[in-house]
Amino acid sequence: MRAAVFYGLFAVVTGGLLLQNMPGEEAAAQDVTQEVTQDAAQDAAQDAVQDDSSAVQAAPDTAPATPDATAEECFESIKGTTELSKKNNVVPKYGYPNVKCSPTTGAVLWYGDPYDGTEPMGEMPSYGDKTDGDFAEAVIRPRAEHLKTIIQTNMQCSVCHPSADPATLPNDPRQLMMHQDIVSDPQNLQHGRGAIWCFDCHNAANRDALVDQQGQEVSFDASYKVCGSCHGDLYSDWRMGLHGKRTGEWKVGGKKRWWTCTECHNPHTVQEHRFQPIKPEPPPALPRGMSEDDFKGADEHGGH
Amino acid sequence: MSEDKRKSEMVKEQDDGKEQGNGKVKESRRDFLKKMGVAAAATVAAPAITSTTAEAVSLGETFQTHFELMSDAQKEKAIARLEKRYTEQFGKQTTVANTPAPDGVLFGYALNIAKCIGCRRCVEACVKENNQSRDPAIQWIRVLRMERGNDTFELENLHKGSPDSNSLGDYGIQSGGHADKHVGLSGAAEHYYEPEQVPEDNAIYFPVQCHQCEDPPCVKACPVRATFRDPNGIVVIDYNWCIGCRMCQLACPYWARRFNWGEPELPNEDMNPKTHYLGNRPRMRGVMEKCTFCLQRVREGRYPACVEACPVGARKFGNLLDPESEVRKVLATKKVFRFKEAFNTDPKFFYYMD
């Protein structure tokens, strides 16, 4: 398109107009458009005039006003962990959605609102480093609410599991009658290499919460406190921002959403897969004229 | 980097600018335009000018000067012009920001290749954020897949395809390995991989994008200084000043620049209306484009889109001048390397491992 204007304009220029000693390029363009009367240059001239006269005219707000009826569902990080619904008009002026989902894998690809559904993370246990100040603006997405939906009910765990005295519960691995979707074979729990069992992390006295090594009750929202009590090195890296995902502002001390351990790792299968395998997004288009077969040949010979 | 060194570099760049940017380039561009006009007049003059108003590039835009040389008034005018055009073209209110580079910041990027699972969500997020052309498809990030480990030292491979050692005589001439099969390196890296699921057991993934070199070969190669380093160390392009010669693409050792061979196709509903002049505003045919660490986002304090999209948190971004930032802590505590370090391009993009 630019080339078209170049060509068209200079056709006119060479046709007789002076373009020597341009005082300035903007000015020259205006001079030309005022003098040009040929049909050939009319479109271009109109553009320039419109531009100069009405450049600051208010643009029509054509952002879609109604939210999308068919709300898209996408998942963050690992499928089955955290789902999000696409909401349009997070910033009505521009018509941003809160997220954009991948048409091929259904994964969240883009965050219009990185803090959607989050709440302040709160106090962090002190750890003897200097990063404590960075927690003031930290937010997380609460997990406790989500756990109700993955077991397909709206009930809390305590509805089926009334509180029990931990002392009376057998803390030995045994075959589970339920929750086999979460732990298929409890004799072969893929966490801790047989050294731990459900009640080392899940609070027997209150099934709606977790329990740490000291027997202290920990909310599902703060699962990192339980994870960190064994995985100290990773916990330390996570606190510093070297491990795990964060969204929001890049500034030190800026508002950030911290992703907690269980948003990326499934604690019950973490030994099998660090990350649950997922479907990748499609590869880039092959260069024009290159077929899949050509490419396979190239690969065998070590080409890139 | 020390403050003094930065200053001296900035002075050096300004001097360069005086010699080439302010004087000669303007002159040579004008000459170039004139020559083009003369050449074009003979051949494609009249039919080429037909255009619709929505897509037309105004004369003002055609004749605007290099963005860095514009006065504030000229910049405002140029931006208002673009906002109006994009708003009309894409049917949604579009802003073209001119957010200045924040002070005291040198952007750096760190990528954990031990974590990357090759899912390409960064690639797709980049396309969505930065208004890349969907067809012909342009992607700024390329994820290379390599075989884990190295089995080319196996005896079977060592002599595969090499001449019979008898034919060379017994003079200690090294045989083994040949043009098609490297020995000692796994060699092949491919980016068209398409498995059912990632990560694969036998692969590592190596995403490559613009490395934002401290000493960028692409900037040196540009004959019209359409590409340059911004004060935060990001290499940017003035798309309106780019003449599409593709010298920078040839100069880049990281395969990080993309050229718009065709008219970029960007569906209205997919267009991201929040843009920056030097960042993700829609590009035109015949210009170069590249990763800018999502300049439109990072200048306003947000992480780049690829960082936010990475499902495993392998990507870290921050201020290299701040010792408390994530990238500086990566540099201080992890095993770090830079890609093609021997070229002395000093990338601000670091790969690391746990």
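Tally the residues that are closer than 22 Å to B:Ile204 by Cα and not aromatic (Phe, Trp, Tyr), restricting the search to segment B:300-326.
11
Looking at B:Lys335, B:Lys316 in this structure, which one is at the interface with chain A (Cβ under 9 Å from one of its Cβ atoms), basic (Lys, Arg) and in contact with a strand residue (DSSP E or B) (Cβ under 9 Å, 6 or more places away or on another chain)? Walk me through it before giving the result.
Details: B:Lys335 fails: at the interface with chain A (Cβ under 9 Å from one of its Cβ atoms).
It is B:Lys316.
Looking for whichever is in contact (Cβ under 8 Å) with a residue 60 or more places away in the chain and in contact with a Pro (Cβ under 8 Å, 6 or more places away or on another chain) here; the options are B:Gly318, B:Gly262, B:Gly313. Which one fits?
Testing whether each residue is in contact (Cβ under 8 Å) with a residue 60 or more places away in the chain and in contact with a Pro (Cβ under 8 Å, 6 or more places away or on another chain) leaves just B:Gly262.
For segment B:70-82, which residues satisfy the criterion of being part of a loop (DSSP other than H, G, I, E, B) and either open to solvent by 50 Å² or more (accessible area, probe 1.4 Å) or at the interface with chain A (Cβ under 9 Å from one of its Cβ atoms) (or both)?
The one that is part of a loop (DSSP other than H, G, I, E, B) and either open to solvent by 50 Å² or more (accessible area, probe 1.4 Å) or at the interface with chain A (Cβ under 9 Å from one of its Cβ atoms) (or both): B:Ser71.
Okay, residues lined up against (1) at the interface with chain A (Cβ under 10 Å from one of its Cβ atoms); (2) more than 22 Å from the chain's Cα centre (by Cα):
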{"residue": "B:Lys84", "(1), (2)": "yes, yes"}
{"residue": "B:Gln89", "(1), (2)": "no, yes"}
{"residue": "B:Thr99", "(1), (2)": "no, no"}
{"residue": "B:Leu106", "(1), (2)": "no, no"}
{"residue": "B:Tyr109", "(1), (2)": "no, no"}
{"residue": "B:Ile113", "(1), (2)": "no, no"}
{"residue": "B:Cys119", "(1), (2)": "yes, no"}
{"residue": "B:Cys126", "(1), (2)": "yes, no"}
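Restricting to segment A:213-234, name every residue that is under 30 Å from B:Glu324 (Cα atoms) and open to solvent by 20 Å² or more (accessible area, probe 1.4 Å).
Passing the criteria: A:Ser219, A:Phe220, A:Asp221, A:Lys225, A:Cys227, A:Ser229, A:Cys230, A:His231, A:Gly232, A:Asp233, A:Leu234.
Within segment A:244-277, can you find the residues that are at the interface with another protein chain (Cβ under 7 Å from one of its Cβ atoms) and either surrounded by fewer than 21 Cβ atoms within 10 Å (Cβ to Cβ) or assigned to a loop (DSSP other than H, G, I, E, B) (or both)?
Result: A:Gly244, A:Lys245, A:Glu249, A:Trp250, A:Lys251, A:Val252, A:Gly254, A:Trp259, A:Phe275, A:Pro277.
For segment B:250-262, which positions are more than 14 Å from B:Gln212 (Cα to Cα) and open to solvent by less than 90 Å² (accessible area, probe 1.4 Å)?
If the condition is that a residue be more than 14 Å from B:Gln212 (Cα to Cα) and open to solvent by less than 90 Å² (accessible area, probe 1.4 Å), then B:Arg258, B:Phe259, B:Asn260, B:Gly262 are the ones that fit.
With the checklist (1) modelled with pLDDT under 90; (2) buried (at least 21 other Cβ atoms within 10 Å of the Cβ); (3) not polar (S, T, N, Q) in hand, flag the one item B:Ile138 doesn't pass.
Result: B:Ile138 passes all but (1).
Collect the residues in segment A:185-214 that are touching a residue at least 40 places away in the same chain (Cβ under 8 Å) and over 32 Å from the mean Cα position of the chain (by Cα), keeping them in residue-number order.
Selection gives A:Ala204, A:Ala205, A:Asn206.
Would you point out which residue out of B:Lys348, B:Lys335 is surrounded by fewer than 22 Cβ atoms within 10 Å (Cβ to Cβ) and of a type in the set (D, E, K, R)?
B:Lys335
Looking at (1) open to solvent by less than 20 Å² (accessible area, probe 1.4 Å); (2) out of contact with any Gly (no Cβ under 9 Å at 6 or more places or on another chain); (3) not in a loop (DSSP other than H, G, I, E, B), can you tell me which one A:Ile78 breaks?
Only one criterion in (1) open to solvent by less than 20 Å² (accessible area, probe 1.4 Å); (2) out of contact with any Gly (no Cβ under 9 Å at 6 or more places or on another chain); (3) not in a loop (DSSP other than H, G, I, E, B) is unmet by A:Ile78, namely (3).
Does A:Leu176 count as at pLDDT below 75 and either open to solvent by less than 50 Å² (accessible area, probe 1.4 Å) or aromatic (Phe, Trp, Tyr) (or both)?
For A:Leu176, the condition - at pLDDT below 75 and either open to solvent by less than 50 Å² (accessible area, probe 1.4 Å) or aromatic (Phe, Trp, Tyr) (or both) - is not met.
Name the residues in segment A:87-102 that are hydroxyl-bearing (Ser, Thr, Tyr) and over 18 Å from the mean Cα position of the chain (by Cα), would you? Working first, answer last.
Start the filter on segment A:87-102 by keeping residues that are hydroxyl-bearing (Ser, Thr, Tyr), which leaves A:94, A:96, A:102.
The answer is A:Tyr94, and nothing else.
The values are calculated or read from the model by the stated rules, or taken from the named source; none is laboratory data. Every value quoted in this text rests on a predicted model; they were computed, and no experiment measured them. Neighbour counts are summed over all protein chains in view; Cβ atoms, including those assigned to glycine, are modelled from backbone coordinates with ideal geometry. The protein model used for the area step is the full one, side chains on, heavy atoms only, and it has no ligands, DNA or RNA in it. Shrake-Rupley method; radii C 1.70, N 1.55, O 1.52, S 1.80 Å.
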